[in-house]
1. Of all the accessible heavy-atom surface of the chain, with the other protein chains kept in place and a 1.4 Å probe, what percent is carbon and sulfur?
2. Excluding ligands, DNA and RNA, what is the solvent-accessible area per residue of the chain at a probe of 1.4 Å, expressed in Å²?
3. Quick one: Karplus J couplings for region 97-108, per residue in order, coefficients 6.51, -1.76, 1.60, θ = phi - 60°, nearest Hz, x for Gly and Pro?
4. May I ask you to evaluate 6.51 cos²θ - 1.76 cosθ + 1.60, the Karplus curve with θ = phi - 60°, for each residue of region 79-87 and list the ³J(HN,Hα) values in order in whole Hz, giving x for glycine and proline?
5. Of all DSSP beta bridges located in the chain, what percent are antiparallel, nearest 5?
6. Please give the per residue volume of the convex hull enclosing the alpha carbon atoms of the chain, rounded to a whole number of Å³.
7. So what are the ³J(HN,Hα) numbers for region 46-60, from phi and the Karplus equation (6.51, -1.76, 1.60; θ = phi - 60°), rounded to whole Hz, Gly and Pro as x?
8. Net charge around Arg53, counting only other residues with Cβ within less than 14 Å of its Cβ (Lys, Arg = +1; Asp, Glu = -1)?
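The values are calculated or read from the model by the stated rules, or taken from the named source; none is laboratory data. All figures in this text were calculated on a predicted structure; none of them were measured in a lab. Please note: Cβ atoms are built from the backbone with ideal geometry, for glycine as well, and neighbour counts cover all protein chains shown. Heavy atoms of the whole protein, side chains included, go into the accessibility calculation; ligands, DNA and RNA do not. Shrake-Rupley method; radii C 1.70, N 1.55, O 1.52, S 1.80 Å.
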Amino acid sequence: QVQLVESGGGLVQAGGSLRLSCVASGSTHTITTMGWYRQAPGKQRELVASITRGGSPNYADSVKGQFTISRDNAKNTVYLQMNSLNPADTAVYYCTAVSLIGRTYWGQGTQVTVSS
């Protein structure tokens, strides 16, 4: 089992930045890819970014050049640096971790609200 706890969400003005963090605990040695999803009101949950254990990132087209995902394996932590935020980025952001056998774990989510 893997537990994920996100932090760093909040209210920010358009153009501002936030850094989300997600700490994994439990069977962390089984974690391969970690990532971030988001779900805006009335919309489907979507992948924002993911990163392999080796550090290779993958981004949704909508956030390329705006968000940066990084990972510290020693701290079992994944980060999402979000810059130039706009109201369209308002959503609940969820951390995920995929295990060696393909099981996906989810965090409880952290709210990001961008005011215009």
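1. Answer for the chain is 49 percent, counting heavy atoms of protein chains only.
2. 51 Å²
3. Couplings: 9, 10, 8, 4, 9, x, 7, 9, 9, 10, x, 7 Hz.
4. Each residue of region 79-87 in turn: 10, 9, 8, 10, 10, 6, 5, 9, x Hz.
5. Here the share of antiparallel DSSP bridges comes out near 90 percent.
6. Spread over its residues, the Cα hull of the chain gives 92 Å³ apiece.
7. Calculated HN-Hα couplings, in order: 9, 6, 9, 6, 9, 8, 6, 4, x, x, 7, x, 9, 10, 5 Hz.
8. Computed value for this residue: +1.
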